[in-house]
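Asker: Quick one: the structure is below, and I'll ask about it shortly.
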2 protein chains.
Amino acid sequence: MAEQAQAALSVEDELIRRFFHWPEVGGEGVELGVGDDAAVVRLAGPMAIATDTMVADVHLPQSAPARAWGHRALAVNLSDLAAMGATPRWFLLALTLPERDDAWLEDFSIGMRELAASTGCALIGGDTTRGPLAVTVTVAGSLPEGGGLRRGAASIGDGIFVTGTPGAAARGLDHFKAGRITHVDTESYLFPQPRLAAGRDLEGLASSAIDLSDGLTLDLARLLAGTGFGAELDASALTSAGLDPASMRSGDDYELLFTLPGQALADLLARASRWDHALHRIGLVSEAGGIRIDGSETVAVGWDHFGGAA
Amino acid sequence: MAEQAQAALSVEDELIRRFFHWPEVGGEGVELGVGDDAAVVRLAGPMAIATDTMVADVHLPQSAPARAWGHRALAVNLSDLAAMGATPRWFLLALTLPERDDAWLEDFSIGMRELAASTGCALIGGDTTRGPLAVTVTVAGSLPEGGGLRRGAASIGDGIFVTGTPGAAARGLDHFKAGRITHVDTESYLFPQPRLAAGRDLEGLASSAIDLSDGLTLDLARLLAGTGFGAELDASALTSAGLDPASMRSGDDYELLFTLPGQALADLLARASRWDHALHRIGLVSEAGGIRIDGSETVAVGWDHFGGAA
C-alpha cells in the first residue's frame with residue numbers, strides 16, 4: 001500500500017519530508033536518519049552534546065526573519081560545541097510552530113540547512129509540533145581522545161581572551177528593533193557565526209573556555225566558578241574589543257571567552273592568524289576574588305533567563 | 001572567588017543546582033554531566049537518539065500535575081527508545097517555564113527523577129528558560145551491535161500486535177478534563193509507562209515496530225509505509241484490546257505496535273509472560289493495500305499535530 005500509505009500520513013510527516021530532508025549533509029556515522037522512532041548513530045570516541053532553546057520574543061523576536069530563526073537556533077548550539085573544542089557531527093530539531101506556514105518553513109529550513117552544510121552537521125531527527133513559536137536543537141560533536149575544553153580550570157596569571165565582536169549582538173538587537181535590519185551589528189545578532197575553528201585551535205592551549213551567551217561578566221563568573229580566582233580586566237582593552245567598560249553591555253554574542261597560560265601565547269597567535277575574526281586580550285586571572293575593571297570591583301551582570309538583567 | 005562567584009551566578013544556575021542535580025542516576029559512559037557548555041559522553045556501539053516536545057494544552061493540559069509533566073516528558077521519549085529496542089543511557093532536558101515556581105519545579109523534578117532512576121537514564125545537561133510552558137527532552141540509548149527494531153520491514157502474513165492498554169490514555173484525558181484524576185485511565189494518560197523491557201524482548205523476533213503516540217491507525221500506516229502491504233484487523237480482537245473498532249479512538253498511548261512472523265510467536269509468548277502488561281494480537285499484514293477491519297476499508301485516523309484529527 002505504498003502510495004495509499006503515503007497519502008494517508010499526516011501533515012507533520014509531509015512537512016518533514018518537504019523541508020527537512022537534506023541528503024547533501026550526510027554525516028559520518030549516521031546509520032539511520034530522519035523517519036523512524038529514533039535515529040541511529042555511532043561515534044567511537046568521546047562526544048560533546050548540548051541543547052538550547054530559542055523562545056519567540058525571549059531569545060529572538062518572533063518577527064525576525066525565518067532564515068535567522070533557522071540559522072540562529074543551530075548556531076547557538078554549535079557555539080556550545082565550539083566552547084568545548086568539539087567538531088560538529090549531527091543534530092536533532094524540535095520545532096514548535098503556531099500554525100503551518102510554508103513560506104516561513106522554507107526560509108527557516110534554508111537558514112538552518114546552509115549552516116548545517118557549512119559545518120558538516122547532519123540533521124538526523126526531531127519533532128514538529130503546534131504551539132507558541134520555539135525551537136530546541138540538540139547538537140553533538142566529536143572530541144579528541146582525552147581532549148576538549150572545560151570551564152573552571154584557569155590558573156592565576158592566565159590571560160583572558162575573547163574572540164570576534166563582543167557587544168555587537170546587543171547593539172544589533174537595538175538596530176533590529178529600530179528597523180535597521182541590514183546594519184552589520186544586526187547581522188551579528190541575527191546570524192551569529194559559531195567559532196568552531198577557533199574552539200578546535202584552543203585545544204591543548206587554553207586552560208578553560210566558555211561561549212558568551214548571557215553577557216561577558218556573567219559568563220566570566222561562570223568560567224571562573226570553582227577556581228577560587230577572580231579577574232582583572234583592562235578598560236582600554238575592553239574598549240578596543242568594542243565593549244563599553246562602564247556598562248559591559250553584551251549578550252547573545254556567541255563568541256568564545258577563554259583563559260590561556262602565558263607560555264601558550266605565541267602558539268595561539270600563530271593559530272589565530274588563520275581565523276576570519278578578531279581576537280582580544282581583555283585581562284588576567286587574578287588571585288583577588290570578583291571581577292575588577294582597572295582595579296574597581298564590578299558585579300556579574302548579564303542576561304538571567306528568569307530574573308532579566310541579573 | 002569561589003564563594004563570590006557562586007553568589008553572583010544566575011537564577012538559572014541556581015535552579016539547575018537545586019532541582020536537577022541527581023547524583024544517584026550516574027550513567028555509565030558519562031564523562032562530564034550538567035554544568036559546562038556541553039556534556040561529554042561515550043558509547044562504543046550504535047546509539048538510538050530521539051527528541052520529543054510537550055507543549056502546554058497541546059500535548060498535556062497546563063493544569064496537569066507537575067509530577068506528570070516531569071514523568072511524561074521523559075516517558076514519551078523513552079517510548080521512542082523502546083520502539084527501537086534500545087536501552088536508555090542518558091538524556092538532556094530543555095525546560096521552558098512562564099515564571100519561576102519552586103513548588104512546581106520540585107514536583108516536576110521528582111516525577112522526572114523517579115522515572116530516570118527506574119530506567120537508569122542519567123540527566124546530563126539541558127537548558128532552562130522563560131516562555132510558554134513546554135518541555136523538550138532528547139534521549140539516547142544503546143543498541144545491540146547490528147540489532148534494533150525498525151519500521152517498514154513487515155512481511156505478508158506477519159501478525160500485528162499491540163502491548164498494554166491502547167485507548168486508555170484517550171479515555172483518561174476525558175476523565176482528567178471531567179476532574180476524575182484518580183481513575184486508572186487518567187493514570188495511564190498522565191503517567192505512561194514506556195515499554196522498554198518489551199522493546200528489548202522484541203529484538204530478534206519482531207519484523208518491525210513503532211510506538212503508539214498519534215493513534216493506532218495513523219501509526220500503523222507509518223509502520224507499514226514503504227512495505228507495499230496493508231493490514232487486516234480483527235474487530236473482536238480490537239474490542240478485546242480495549243479499542244472500539246467503530247471509532248479506533250486512541251492516542252498518547254505510548255504502547256508498542258509491532259509485526260511478527262508466525263514462527264516467532266512461541267518465543268514472543270515466552271518472553272511476554274514476564275511482562276507486567278498485556279499483549280494483544282489484533283490482525284495480520286495483508287497483500288491488499290490500506291487498513292481493513294473485518295474486511296471493510298478504514299482510513300488512517302490519528303492525531304495530526306497540525307491538522308488536528310487527520
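Asker: Being within 14 Å of chain B (Cβ to nearest Cβ), in contact with a helix residue (DSSP H, G or I) (Cβ under 7 Å, 6 or more places away or on another chain), in a loop (DSSP other than H, G, I, E, B) and open to solvent by 10 Å² or more (accessible area, probe 1.4 Å) is the filter here, so list the residues in region A:187-212 that pass it.
Answerer: Listed by number, the residues that qualify are A:PRO194, A:ARG195.
Asker: While we're on this one: Looking only at region B:102-132, how many residues end up being more than 9 Å from every other protein chain (Cβ to nearest Cβ) and open to solvent by less than 50 Å² (accessible area, probe 1.4 Å)? Let's see the steps before the verdict.
Answerer: Taking region B:102-132 first, the residues more than 9 Å from every other protein chain (Cβ to nearest Cβ) are B:102-123.
If we keep only those that are open to solvent by less than 50 Å² (accessible area, probe 1.4 Å) as well, we get B:102, B:104-105, B:108-109, B:111-112, B:115-116, B:119-123.
Total satisfying the criteria: 14.
Asker: How many of the residues in region B:228-247 are more than 14 Å from chain A (Cβ to nearest Cβ) and either in contact (Cβ under 8 Å) with a residue 24 or more places away in the chain or in contact with a Leu (Cβ under 7 Å, 6 or more places away or on another chain) (or both)?
Answerer: Adding up the residues that qualify gives 10.
Asker: Hey, can you tell me all the residues within region A:151-174 that are surrounded by fewer than 19 Cβ atoms within 10 Å (Cβ to Cβ) and without any contact (Cβ under 8 Å) to a residue 60 or more places away in the chain?
Answerer: Within region A:151-174, A:ASP174 is the sole residue that qualifies.
Asker: Just to be sure before I move on: is B:GLY141 under 22 Å from the mean Cα position of the chain (by Cα), buried (at least 20 other Cβ atoms within 10 Å of the Cβ) and within 9 Å of chain A (Cβ to nearest Cβ) in the structure I sent?
Answerer: yes
Asker: May I pose another question? Got a sec? Which of A:ALA44, A:ALA48 is open to solvent by less than 20 Å² (accessible area, probe 1.4 Å), in a strand (DSSP E or B) and closer than 17 Å to B:LEU43 by Cα?
Answerer: Going through A:ALA44, A:ALA48 in turn, the sole match is A:ALA48.
Asker: Restricting to region B:57-66, give me the number of residues that are at the interface with chain A (Cβ under 9 Å from one of its Cβ atoms) and at pLDDT 95 or above.
Answerer: 0
Asker: Any idea which residue in region B:40-54 is farthest from A:ASP36 (Cα to Cα), counting only those that are free of Cβ contacts under 8 Å to residues at least 60 places away in the same chain and of a type outside the set (Lys, Arg)?
Answerer: Within region B:40-54, the subset free of Cβ contacts under 8 Å to residues at least 60 places away in the same chain is B:40, B:42, B:44.
Adding the requirement that they be of a type outside the set (Lys, Arg) leaves B:40, B:44.
Details: B:VAL40: 26, B:ALA44: 22 Å.
The extreme case among them is B:VAL40.
Here's the yes/no breakdown for (1) in contact with a strand residue (DSSP E or B) (Cβ under 8 Å, 6 or more places away or on another chain); (2) touching a residue at least 60 places away in the same chain (Cβ under 8 Å):
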site	(1), (2)
A:LEU93	yes, yes
A:ILE110	no, no
A:ALA117	no, yes
A:THR136	yes, yes
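Asker: Still on this structure, I have one more. Would you say B:TRP22 is open to solvent by 10 Å² or more (accessible area, probe 1.4 Å), touching a Lys or Arg at 6+ places or on another chain (Cβ under 7 Å), outside any strand (DSSP E or B) and of a type outside the set (Lys, Arg)?
Answerer: So B:TRP22 fits the description; yes.
Asker: Can you name the residue in region B:51-65 that is open to solvent by less than 10 Å² (accessible area, probe 1.4 Å) and not β-branched (Val, Ile, Thr) and is also nearest to the chain's Cα centre (by Cα) among such residues?
Answerer: Across region B:51-65, the extreme among qualifying residues is B:MET54.
Asker: Applying the selection to region B:257-303, what residues are open to solvent by 50 Å² or more (accessible area, probe 1.4 Å), aromatic (Phe, Trp, Tyr) and modelled with pLDDT of 90 or more? Walk me through how you get there before you give the answer.
Answerer: Going residue by residue through region B:257-303, those that are open to solvent by 50 Å² or more (accessible area, probe 1.4 Å) are B:262-263, B:265-267, B:269-271, B:273-274, B:276, B:281, B:284, B:287, B:292, B:294, B:296-297, B:299, B:301, B:303.
From what is left, the residues that are aromatic (Phe, Trp, Tyr) are B:303.
Listed by number, the list is empty, since nothing qualifies.
Asker: What is the residue count in region A:31-50 for residues that are within 7 Å of another protein chain (Cβ to nearest Cβ) and within 13 Å of B:ARG151 (Cβ to Cβ)?
Answerer: 5
Asker: Of (1) open to solvent by less than 10 Å² (accessible area, probe 1.4 Å); (2) closer than 22 Å to A:LEU173 by Cβ; (3) at the interface with chain B (Cβ under 10 Å from one of its Cβ atoms); (4) not in a strand (DSSP E or B), A:TRP69 satisfies all except one. Which?
Answerer: It is condition (3) that A:TRP69 fails.
Asker: Could I ask something else about it? Got a sec? Which of A:ASP244, A:ASP252 is under 13 Å from A:GLY167 (Cβ atoms), of a type in the set (Asp, Glu), out of contact with any Asp or Glu (no Cβ under 6 Å at 6 or more places or on another chain) and modelled with pLDDT under 90?
Answerer: A:ASP244
Asker: Those residues that are touching a Lys or Arg at 6+ places or on another chain (Cβ under 9 Å), open to solvent by less than 10 Å² (accessible area, probe 1.4 Å) and over 19 Å from B:ALA94 (Cα atoms), I need them from region A:84-101; list them, please.
Answerer: Within region A:84-101, A:MET84, A:GLY85, A:ALA86 meet the criteria.
The values are calculated or read from the model by the stated rules, or taken from the named source; none is laboratory data. Predicted, not measured: the structure shown is a model, and the values here were computed from it. Positions of Cβ are generated from backbone atoms using ideal geometry, with glycine treated the same way; all protein chains shown enter the neighbour counts. Only protein heavy atoms, including side chains, enter the accessible area calculation; ligands, DNA and RNA are left aside. Shrake-Rupley method; radii C 1.70, N 1.55, O 1.52, S 1.80 Å.
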